[in-house]
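The numbers here are math on the coordinates, done by the rules we state, and not lab data. Values in this document were obtained by computation on a predicted structure and should not be read as measured data. Please note: Cβ atoms are built from the backbone with ideal geometry, for glycine as well, and neighbour counts cover all protein chains shown.
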Amino acid sequence: MPASNDVLIVTGASRGIGAATALQAARAGWRVVINYRADEKAAEAVLGQVRKAGSDGILVQADVAEPADIEALFAAADSFGALGGLVNNAGIVDIRARVDEMSFERLERMMRVNVVGSFLCAREAVRRMSTRHGGKGGGIVNLSSVAALLGGPGQYVDYAASKGAIDTFTTGLAKEVAEEGIRVNAVRPGIIDTEIHASGGEPDRVKQMRAAVPMKREGSAEEVANAIVWLLSDAASYVTGAFIDVTGGR
Ligand code: NAP
């Protein structure tokens with residue numbers, strides 16, 4: 001259970017796994033900073049659910065691909081309370097393409113949102129939570145993907161590689177700050193029923209992929225959020241640099 005003044009930042013919390021994480025974290029006692037990029041109405045609905053769950057939160061618009069936005073996000077969190085956790089959830093896919101078809105602009109955007117954004121958010125979180133900087137410790141959970149292990153051939157090797165970078169980032173940062181009161185872990189979801197598939201031009205992807213999952217079904221955003229909120233909790237106090245695959249066995 002987090003201390004009652006502990007603030008958790010969830011990036012990309014207006015829908016999907018981020019929204020489910022914000023809500024479950026609120027139920028676990030966190031006060032939540034709900035970051036969104038575009039859909040303020042959806043983010044407001046998440047805040048309403050957080051309050052219904054008996055906690056509190058704030059909405060902060062910020063694009064994690066923009067360094068100035070990230071600094072403003074953390075400044076807003078500072079005025080809400082002491083930071084105790086970060087979930088690097090904001091992430092994008094792109095339309096199906098082979099590597100020999102990918103533009104520079106696509107690759108730059110993919111790495112900027114999925115990789116550089118996560119690094120910069122973690123940098124700001126460590127500056128606040130590390131005992132080396134006078135903080136009281138905390139937890140960071142990064143959203144990787146099983147694609148980091150599978151490679152995404154013919155579909156989105158760029159996305160898979162960005163999540164491979166998140167895996168290595170998780171391992172390295174976990175070791176770097178382990179003595180400073182910060183635990184850093186990652187969750188690797190498989191096929192989860194969210195809007196990310198439609199945003200990559202494949203609204204039927206969940207249906208199509210079901211048969212390839214050993215459990216023969218997709219996962220829910222809540223099932224991923226369960227793992228994230230557990231990793232942030234004191235129940236995971238000796239867990240760092242770890243990966244939880246939430247994939248139905250895939
Ligand atoms: P989603 O439904 O598409 O939601 C993504 C969220 O991130 C949205 O709230 C989106 O808001 C926000 N976002 C996107 N770009 C952003 C940016 N530049 N700055 C701030 N927020 C941004 O995705 P999801 O399925 O919940 O995925 C969440 C995470 O899990 C991602 O990192 C994804 O790679 C990972 N994951 C998902 C699956 C899956 O099957 N769903 C599997 C493996 C890993 P806007 O629309 O306003 O941009």
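When the helices in the chain are scored as -39500 (n - 2.57) per DSSP H run of 4 or longer and the sum is shared across all residues, what 222 nm value do you end up with, to the nearest 500 deg cm²/dmol? Please list the in-between numbers first.
Numbers: 10 runs with 106 residues, N = 250.
Value at 222 nm, helices only: -12500 deg cm²/dmol.
Compute a Gaussian network model of the chain, connecting alpha carbons closer than 10 Å, and tell me which residue from V213, V229, V50 fluctuates the most.
Maximum fluctuation in the GNM of the chain, among the listed residues, is at V213.
Quick one: which residues, 5+ away or cross-chain, put their amide H under 5 Å from the amide H of G57? H built at 1.01 Å from N.
V32
Given charges of +1 on the Cβ of Lys and Arg and -1 on the Cβ of Asp and Glu, with all other atoms neutral, how large is the dipole of the chain about its Cα centre, in debye to the nearest 20? Walk me through the numbers before you get to the answer.
Numbers: 27 positive and 30 negative charges, 112 e Å.
Taking the Cα centre of the chain as origin, the dipole is about 540 debye.
Rounded if a/c is under 1.5, else prolate if a/b is larger than b/c, else oblate: which is segment 182-250, with a ≥ b ≥ c the root eigenvalues of its Cα gyration tensor?
prolate
Kindly write out, for segment 38-52 in residue order, the coupling ³J(HN,Hα) from the Karplus curve 6.51 cos²θ - 1.76 cosθ + 1.60 (θ = phi - 60°), rounded to whole Hz, with x marking Gly and Pro.
Whole-Hz 3J(HN,Hα) from phi for segment 38-52: 10, 9, 5, 4, 5, 5, 4, 5, 5, 4, x, 5, 4, 5, 4.
Would you give the gap between the C-alpha center of segment 175-221 and the C-alpha center of segment 45-106, rounded to a whole Å?
Measuring centre to centre over Cα atoms gives 17 Å.
In the Gaussian network model of the chain, springs joining C-alpha atoms below 10 Å, which of S220, S145, S103 carries the largest mean-square fluctuation?
Highest fluctuation among the options: S103.
If amide hydrogens are placed 1.01 Å from N in the peptide plane, which non-local residues have theirs closer than 5 Å to the one on A242?
A186
Set Lys and Arg Cβ to +1 and Asp and Glu Cβ to -1, take the dipole of segment 171-231 about its Cα centre, and tell me which of V206, A221, L231 lies farthest positive.
V206
Straight-line reach only, C-alpha to C-alpha below 24 angstrom: list the lysines that K52 could link to, leaving out same-chain residues fewer than 8 apart.
Filter leaves K41.
Relative to the longest principal axis of the chain, what angle (0 to 90°, nearest 10) does the C-alpha long axis of helix 16-27 take?
30
Using only the Cα atoms of the chain, what semi-axes does the equivalent ellipsoid have when each is the square root of 5 times a gyration tensor eigenvalue? Give whole Å, largest first. Please list the in-between numbers first.
On the way: eigenvalues 148, 74, 67 Å².
Each semi-axis is √(5λ); the values are 27, 19, 18 Å.
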